[in-house]
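Before any comments, here is the structure.
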Amino acid sequence: TLENLPQSIPFAVKGKGLDIIRLMMAKPRVNIDAASITPNTEIISLENYVIDMPENVDVSLLGPADTDQLAIQADVFHRKTVNVELTFADALTQSRMKELRYTLNPSKVTIFGPKSRITNLVSIKSKAITQDMLADARHELELQIPGNDISVSDKSVLLSISGAQESSKVYPNIALDQIYTPSSIAVRLSGPGAALDRLAGSQIKAVVSEEADEAGLFSVDLILPDDIQVIAITPDKVRKRR
């Protein structure tokens, strides 16, 4: 790849004024021998060139007007595969996303561009995900291309959200009123992993039934957030102390 190429090169010419004006209006193209260009080349010679001269123009070319060298920047055209990195509009959306099951297709893309530009790139970012988007099952996310000199195999990726990532956790010492025996229970709960991480044992309230069964045992239940479910309560029945 070549960068910093000039849009025009001034040449000195000799001829009649009308012919010089015709030449300027024709804007002839300069073809430069690029055989000597290699990666990291910064200077090339203007000694070997061909100008497409228009017909019926009688002028003599005297050569480049300013310099016989041209400053350029040459680099190797390279490709590599990188991860797609999800970005979020805010920290709350990112936290909620961690509680969900989702897939990204594709999860990796191939990027093309100057080696010096893409060597340090390890990911391509998606457009920001907002909290409202988490309610829908599918989204096409555009990718943020890091520059005009870089191209990507995919312009967007498909985000599929299938629901909460379920987890379970044991809380071993949930206190009961001292009038019951045992005076504490263990519970196993299920729910989104992040929700369980936020839930402390002190926030779990155990409720004992007002009436005993035929065996004199009282049932134990729990008051929990809506997104948390009970797997097991041990024991799930208690006695009153005598």
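Every number in this text was worked out from the coordinates using simple rules, so none of it is lab data. Predicted, not measured: the structure shown is a model, and the values here were computed from it. Note that we place each Cβ from the backbone using ideal geometry, even for glycine, and neighbour counts take in every protein chain shown.
By how many nm would the segment from Arg96 to Asp52 lengthen if fully extended, with 0.36 nm per residue of separation less the alpha-carbon distance?
9.5 nm
Can you check how the C-alpha radius of gyration of region 118-242 compares to 2.2 N^0.38 Å, as a plain ratio?
Cα-based Rg divided by the globular estimate yields 1.77.
Placing unit charges on C-beta atoms (Lys and Arg positive, Asp and Glu negative, everything else neutral), compute the dipole magnitude of region 167-240 about its Cα centre in debye, rounded to 20.
The dipole of region 167-240 has a size of about 340 debye.
Give or take rounding to whole Å, what are the principal axis extents of the alpha carbon atoms in region 77-164, in descending order?
Principal-axis extents of the Cα atoms in region 77-164, largest first: 42, 22, 17 Å.
Check each of the trypsin sites (Lys or Arg not before Pro) in region 77-147 and keep only those in coil by DSSP with at most 16 other C-beta atoms within 10 angstrom; list them in order.
Within region 77-147, the qualifying trypsin sites (Lys or Arg not before Pro) (loop, at most 16 other Cβ atoms within 10 Å) are Lys98.
How long is the gain from Glu85 to Val170 if the chain were fully straight, where each residue apart is worth 0.36 nm and the alpha carbon distance is subtracted?
The span from Glu85 to Val170 would gain 27.3 nm if fully extended.
What FRET efficiency would be calculated for the residue pair Arg138, Ile231, taking the C-beta separation as r and a Förster radius of 35 Å, to the nearest 0.05?
With a Förster radius of 35 Å, E is 0.65.
For the pair Thr130 and Arg198, what calculated FRET efficiency results from E = 1/(1 + (r/R0)^6), where r is the Cβ-Cβ distance and R0 = 35 Å, to the nearest 0.05?
Numbers: r = 22 Å, r/R0 = 0.63.
Efficiency, rounded to the nearest 0.05: 0.95.
On each of the three principal axes of the Cα atoms of region 167-240, give max minus min coordinate, whole Å, ordered largest first.
Cα extents, longest axis first: 39, 20, 15 Å.
At 7 Å along Cα-to-Cβ for each site, give me the label-to-label distance between Ala26 and Phe112 in nm.
Going from the Ala26 label point to the Phe112 one covers 3.6 nm.
What does the extension gain come out to for Arg242 and Asn148, with contour length at 0.36 nm per residue minus their alpha carbon separation?
Residue separation times 0.36 nm, minus the Cα-Cα distance, leaves 25.7 nm.
Quantify how much of the Cα-Cα distance distribution of region 81-124 extends past 14 Å, in percent.
The calculated P(r) of region 81-124 puts 59 percent of pairs beyond 14 Å.
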